[in-house]
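Participant: Let me begin by handing over the structure; questions about it come next.
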Amino acid sequence: MKKLLDLISEEMGMAFEKAGYDAALGRVSLSNRPDLCEYQCNGAMAGAKRYKKAPLAIAEETAAALRESRVFSQVEVAAPGFLNLKVKESFLREYLADMRKSEKFGLEMPEKPRKYVLDYGGANIAKPLHVGHMRSAVIGESIKRILRYCGHEVIGDVHMGDWGQPMGLVVTELQERHPDLIYFDETYTGEYPKEAPFTATELEELYPTASKKSKEDQAYKEKAMENTYKIQSGVRGHRALWQHILRVSVADLKKNYERLNVEFDLWKGESDVHDLIPAMVEEMKRGGYAHESEGALVVDVKEESDTKEMPPCMILKSDGAALYNTTDLATIMDRMEKIDPDGIIYLTDKRQELYFEQVFRCARKTKLVKPETELIWMGFGTMNGRDGKPFKTRDGGVKRLESLIEETNAEMYRKITENREMPKEEAEETARIIGLAALKYGDLSNQASKDYIFDMEKFTSFEGDTGPYILYTIVRIKSILGKYREQGGSFTDAALRPAESAAEKDLAMQLAAFTAAVSGACEELAPHKICAYIYDLANAFNRFYHETRILTEEKEEKKAGWVALLLLTGDVLETCIDMLGFSAPERM
Ligand code: ARG
């Protein structure tokens, strides 16, 4: 289906043409004077010079051509040549009726769907998820869902940090505590136990302890480096231990991502490309791209037009060790080989901007990707506390994601049970659902690149631009529909009717803006646009609701028309929150 604004512009274009002017002048936009009109067209002014005619005259001739229009109920000419427009209720009704019948509410699917790899999440093995990882997961999940809804293929990859120093640290601490573990006996050739020699809870404590020790104790640090090397170079016992760390950690991560309603298609990590590095490096050398610089192997990525500092991309350190860069480049190579996507999208903290610029340039220069392969990096801002500083725990540590979720749910539980009776279990489940919406909407409603302040009070409020407000609106709609059904009403013959009040028309116009909002969010990879859209839609609905007595309406047909409007509003809202990655409870 065409977008509403395009249909309106077409009608306007036809009028310009009929009056003897270029149809392209008929471009219509949303009104910036909502007190006067819903839409406006400034084409007469644009055409004045070309046709050497007063804009007012052009506007009047065009307006005259619209006297019989099925689209406009008002075409007003205002000096010096504005066309102030209102659309007909019957036209809107037709549009919404088509939307209701069409798949995805009439959203047009791309002629050539694109295939993307989405690199998000970025969890690190052996380390608990902290609030910084939440943004990558939450924003990435939404972008994945938006792209998919719009007809593209997306393969989400968590791209774990599973190969570096933290692994060596954990192994070192294990060795300190249990030096007799069979894994450390390098003469052992038998099979290793299936069970890890530690629990998930223990693992959580191992890394911070080891990390602290390594900062204070040089010998310990060296031991950790040696252990990291042993893991990476494939010493049997060390590899086996690393496998245990990976398995225990991934199981725990999966649980946490599940609580966030975040799902990955691939659970790949840095380690997966380790074996591809030597061949890639050889290729880079052979192609003449990589050269030695102070013992290290680098690829120059500076360009003539650079105004900022652009250091070379380091491929191997002077000791021959691979870096974060190297893994990312090998991962690009691997993805091109196995998946061959049209684009790769990365979601990381915005501090990694220069890093990704280097990696992308290097990937292009060394021809790891095709010239037409899109490489997109999206940097997100920091989540700050109310003091405007990065979110911390009370004792100054990095806030863990789990505790943030728990605190939000607890606050939601308190709010839900404050004024109403609800069985404990249901209240807890509801608090989880609304709590997630509070967290995610609080994050997603901000433009991703900006920092934002986590404000528990605000995010969990049932009023204002919040997740709970959106859910409350959906639940309200469900409840009215439920009561309608109890009254014996049926949904099958609920047919839309032309709007009768200003609030009803406004709601209809908001609904009709769905495809424009979603395709805009998709093109710009901008979940905040979906948030802004549903906030407007929820407001329009609630205004309509407050001034309309739906269920006590005596004329059955009228009531059924409103029910149809409610069904559509509810469907659109639920579709949108699904794109944001949360859902609504049955009641709250
Ligand atoms: N593990 C990294 C971190 O915690 C994020 C990984 C981002 N993705 C990538 N392909 N480099 O900072």
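The values are calculated or read from the model by the stated rules, or taken from the named source; none is laboratory data. Not measured: the values here are computed from a predicted model. Every residue, glycine as well, gets a Cβ built from its backbone with ideal geometry; the counts of neighbours run over all protein chains shown.
Participant: Taking Ala322 and the conditions (1) in contact with a strand residue (DSSP E or B) (Cβ under 9 Å, 6 or more places away or on another chain); (2) surrounded by fewer than 17 Cβ atoms within 10 Å (Cβ to Cβ), which numbered condition does it fall short on, given that it satisfies the others?
Facilitator: If we test Ala322 against (1) in contact with a strand residue (DSSP E or B) (Cβ under 9 Å, 6 or more places away or on another chain); (2) surrounded by fewer than 17 Cβ atoms within 10 Å (Cβ to Cβ), just (2) comes out false.
Participant: Related question: How about the stretch 166-182: which of its residues are more than 12 Å from the ligand (Cβ to nearest atom) and part of a helix (DSSP H, G or I)? Full working, then the answer.
Facilitator: The initial filter retains those residues of the stretch 166-182 that are more than 12 Å from the ligand (Cβ to nearest atom), namely 167-182.
Scanning the stretch 166-182 gives Met167, Gly168, Leu169, Val170, Val171, Thr172, Glu173, Leu174, Gln175, Glu176, Arg177, Ile182.
Participant: Only one of these is over 35 Å from the mean Cα position of the chain (by Cα), surrounded by fewer than 19 Cβ atoms within 10 Å (Cβ to Cβ) and within 16 Å of Trp163 (Cα to Cα): Glu226, Glu294, Glu216. Name it.
Facilitator: Details: Glu294 fails: within 16 Å of Trp163 (Cα to Cα); Glu216 fails: within 16 Å of Trp163 (Cα to Cα).
Exactly one residue qualifies, and that residue is Glu226.
Participant: Quick one: how many residues across the stretch 174-207 are hydroxyl-bearing (Ser, Thr, Tyr), under 26 Å from Leu129 (Cβ atoms) and at pLDDT 95 or above?
Facilitator: Of the stretch 174-207, the ones hydroxyl-bearing (Ser, Thr, Tyr) are 183, 187-189, 192, 199, 201, 207.
Within this subset, residues satisfying the condition of being under 26 Å from Leu129 (Cβ atoms) are 199, 201, 207.
Checking the rest, the ones that are also at pLDDT 95 or above come to none.
So the count comes out to 0.
Participant: Quick one: which of Leu276, Leu266 is in contact with a His (Cβ under 9 Å, 6 or more places away or on another chain) and closer than 24 Å to Lys338 by Cα? Write out each step before concluding.
Facilitator: Working: Leu276 fails: in contact with a His (Cβ under 9 Å, 6 or more places away or on another chain).
The conditions single out Leu266.
Participant: Also, quick follow-up: Please verify whether the stretch 344-367 includes one or more residues that are modelled with pLDDT under 95 and part of a loop (DSSP other than H, G, I, E, B).
Facilitator: No - not one qualifying residue is present in the stretch 344-367.
Participant: Among Leu96, Leu147, Leu107, Leu129, which is within 15 Å of the ligand (Cβ to nearest atom) and at negative phi?
Facilitator: Numbers: Leu96 fails: within 15 Å of the ligand (Cβ to nearest atom); Leu147 fails: within 15 Å of the ligand (Cβ to nearest atom); Leu107 fails: within 15 Å of the ligand (Cβ to nearest atom).
Testing whether each residue is within 15 Å of the ligand (Cβ to nearest atom) and at negative phi leaves just Leu129.
Participant: Can you spot a residue in the stretch 407-414 that is of a type in the set (Phe, Trp, Tyr), within 16 Å of the ligand (Cβ to nearest atom) and modelled with pLDDT of 95 or more?
Facilitator: Within the stretch 407-414, the subset of a type in the set (Phe, Trp, Tyr) is 413.
Now restrict to residues that are within 16 Å of the ligand (Cβ to nearest atom): none.
The answer is no, given that none of the residues of the stretch 407-414 is of a type in the set (Phe, Trp, Tyr), within 16 Å of the ligand (Cβ to nearest atom) and modelled with pLDDT of 95 or more.
Participant: A follow-up question, please. Go through the stretch 240-260 and give me each residue that's in contact with a Leu (Cβ under 6 Å, 6 or more places away or on another chain) and not β-branched (Val, Ile, Thr).
Facilitator: Here is the first cut: in the stretch 240-260, the ones in contact with a Leu (Cβ under 6 Å, 6 or more places away or on another chain) are 248, 256.
Selection gives Asn256 alone.
Participant: Pairs under 9 Å by beta carbon, first residue acidic (Asp, Glu) in the stretch 114-125, partner part of a strand (DSSP E or B) and within 10 Å of the ligand (Cβ to nearest atom), six or more apart or different chains?
Facilitator: Asp119/Asp157; Asp119/Ile344; Asp119/Tyr346; Asp119/Leu347; Asp119/Thr348
Participant: Got at least one residue in the stretch 414-432 being of a type in the set (D, E, K, R) and within 21 Å of Leu567 (Cβ to Cβ)? Show your work before the answer.
Facilitator: Of the stretch 414-432, the ones of a type in the set (D, E, K, R) are 414-415, 418, 420-421, 424-426, 428-429, 432.
Those still in the list that are within 21 Å of Leu567 (Cβ to Cβ) too: none.
No, the conditions are met nowhere in the stretch 414-432.
Participant: Filter the stretch 374-399 down to the residues that are closer than 24 Å to Ser461 by Cβ and over 20 Å from the mean Cα position of the chain (by Cα) and list them by number. Reasoning before the result, please.
Facilitator: Kept after step one, since they are closer than 24 Å to Ser461 by Cβ, are these residues of the stretch 374-399: 380-394, 399.
Scanning the stretch 374-399 gives Gly385, Arg386, Asp387, Gly388, Lys389, Pro390, Phe391, Lys392, Thr393, Arg394, Lys399.
Participant: For residues that are part of a loop (DSSP other than H, G, I, E, B) and hydrophobic (A, V, I, L, M, F, W, C), scanning just the stretch 496-543, find the one that is surrounded by the most Cβ atoms within 10 Å (Cβ to Cβ).
Facilitator: Looking only at the stretch 496-543, we keep the residues that are part of a loop (DSSP other than H, G, I, E, B), and these are 496-501, 513, 524-526.
Adding the requirement that they be hydrophobic (A, V, I, L, M, F, W, C) leaves 496, 499, 513, 525-526.
Details: Leu496: 23, Ala499: 21, Ala513: 20, Leu525: 20, Ala526: 21.
Per the stated criteria, the residue is Leu496.
Participant: Where residues in the stretch 336-394 are of a type in the set (Val, Ile, Thr) and more than 16 Å from the ligand (Cβ to nearest atom), which of them is surrounded by the most Cβ atoms within 10 Å (Cβ to Cβ)?
Facilitator: Initially, the stretch 336-394 is screened for residues of a type in the set (Val, Ile, Thr), giving 339, 344-345, 348, 359, 366, 369, 373, 376, 382, 393.
In the following step, the residues that additionally are more than 16 Å from the ligand (Cβ to nearest atom) were identified as 366, 393.
Values: Thr366: 22, Thr393: 14.
This residue is Thr366.
Participant: While we're looking at this one, here's another question. In the stretch 32-55, how many are surrounded by 17 or more Cβ atoms within 10 Å (Cβ to Cβ) and closer than 27 Å to Glu504 by Cα?
Facilitator: So the count comes out to 5.
Participant: Let me ask something additional. What tally of residues in the stretch 544-585 results from selecting those that are in contact with an Asp or Glu (Cβ under 9 Å, 6 or more places away or on another chain) and not in a helix (DSSP H, G or I)?
Facilitator: Of the residues in the stretch 544-585, 5 are in contact with an Asp or Glu (Cβ under 9 Å, 6 or more places away or on another chain) and not in a helix (DSSP H, G or I).
A quick yes/no check of all residues on (1) touching a strand residue (DSSP E or B) at 6+ places or on another chain (Cβ under 7 Å); (2) in a helix (DSSP H, G or I); (3) within 16 Å of the ligand (Cβ to nearest atom):
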{"position": "Ser249", "(1), (2), (3)": "no, yes, yes"}
{"position": "Lys255", "(1), (2), (3)": "no, yes, no"}
{"position": "Met280", "(1), (2), (3)": "no, yes, yes"}
{"position": "Met284", "(1), (2), (3)": "yes, yes, no"}
{"position": "Val301", "(1), (2), (3)": "yes, no, no"}
{"position": "Thr307", "(1), (2), (3)": "no, no, no"}
{"position": "Thr327", "(1), (2), (3)": "no, yes, yes"}
{"position": "Thr331", "(1), (2), (3)": "no, yes, yes"}
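Participant: Shifting gears a bit: In a helix (DSSP H, G or I), of a type outside the set (D, E, K, R) and either over 27 Å from Asn124 (Cβ atoms) or within 18 Å of the chain's Cα centre (by Cα) (or both) - does that describe any residue in the stretch 444-451? First the steps, then the outcome.
Facilitator: Kept after step one, since they are in a helix (DSSP H, G or I), are these residues of the stretch 444-451: 444.
After this cut, where a residue has to be of a type outside the set (D, E, K, R) as well, the list is 444.
Adding the requirement that they be either over 27 Å from Asn124 (Cβ atoms) or within 18 Å of the chain's Cα centre (by Cα) (or both) leaves 444.
Looking through the stretch 444-451, at least one residue is in a helix (DSSP H, G or I), of a type outside the set (D, E, K, R) and either over 27 Å from Asn124 (Cβ atoms) or within 18 Å of the chain's Cα centre (by Cα) (or both).
Participant: If you check Pro113 against the conditions, is it within 17 Å of Ser249 (Cβ to Cβ) and either surrounded by fewer than 23 Cβ atoms within 10 Å (Cβ to Cβ) or among the charged types (D, E, K, R) (or both)? If you could, list the steps in order and put the result at the bottom.
Facilitator: Details: within 17 Å of Ser249 (Cβ to Cβ): no; either surrounded by fewer than 23 Cβ atoms within 10 Å (Cβ to Cβ) or among the charged types (D, E, K, R) (or both): yes.
Answer is no for this residue.
Participant: So for the stretch 99-109 (the condition being closer than 30 Å to Ala63 by Cα, surrounded by 20 or more Cβ atoms within 10 Å (Cβ to Cβ) and modelled with pLDDT of 95 or more), does at least one residue qualify?
Facilitator: Taking the stretch 99-109 as the starting set, the residues that turn out to be closer than 30 Å to Ala63 by Cα are 99, 106.
Still in the list and also surrounded by 20 or more Cβ atoms within 10 Å (Cβ to Cβ): 99.
So of that shortlist, the ones also modelled with pLDDT of 95 or more come out as 99.
Yes, the conditions are met somewhere in the stretch 99-109.
Participant: Hey, Ala224 hits all of (1) touching a residue at least 60 places away in the same chain (Cβ under 8 Å); (2) of a type in the set (A, V, I, L, M); (3) assigned to a helix (DSSP H, G or I) but one; which does it fall short on?
Facilitator: Of (1) touching a residue at least 60 places away in the same chain (Cβ under 8 Å); (2) of a type in the set (A, V, I, L, M); (3) assigned to a helix (DSSP H, G or I), only one is false for Ala224: (1).
Participant: Follow-up question, since we're still on this one. Given the criteria surrounded by 21 or more Cβ atoms within 10 Å (Cβ to Cβ), closer than 20 Å to Trp267 by Cβ and within 23 Å of the chain's Cα centre (by Cα), does Ile139 qualify?
Facilitator: Values: surrounded by 21 or more Cβ atoms within 10 Å (Cβ to Cβ): yes; closer than 20 Å to Trp267 by Cβ: yes; within 23 Å of the chain's Cα centre (by Cα): yes.
Yes; evaluated as a whole, the condition is true for this residue.
Participant: Kindly indicate whether any position in the stretch 72-89 is in contact (Cβ under 8 Å) with a residue 24 or more places away in the chain, within 16 Å of the ligand (Cβ to nearest atom) and of a type in the set (Val, Ile, Thr).
Facilitator: There is no residue in the stretch 72-89 that is in contact (Cβ under 8 Å) with a residue 24 or more places away in the chain, within 16 Å of the ligand (Cβ to nearest atom) and of a type in the set (Val, Ile, Thr).
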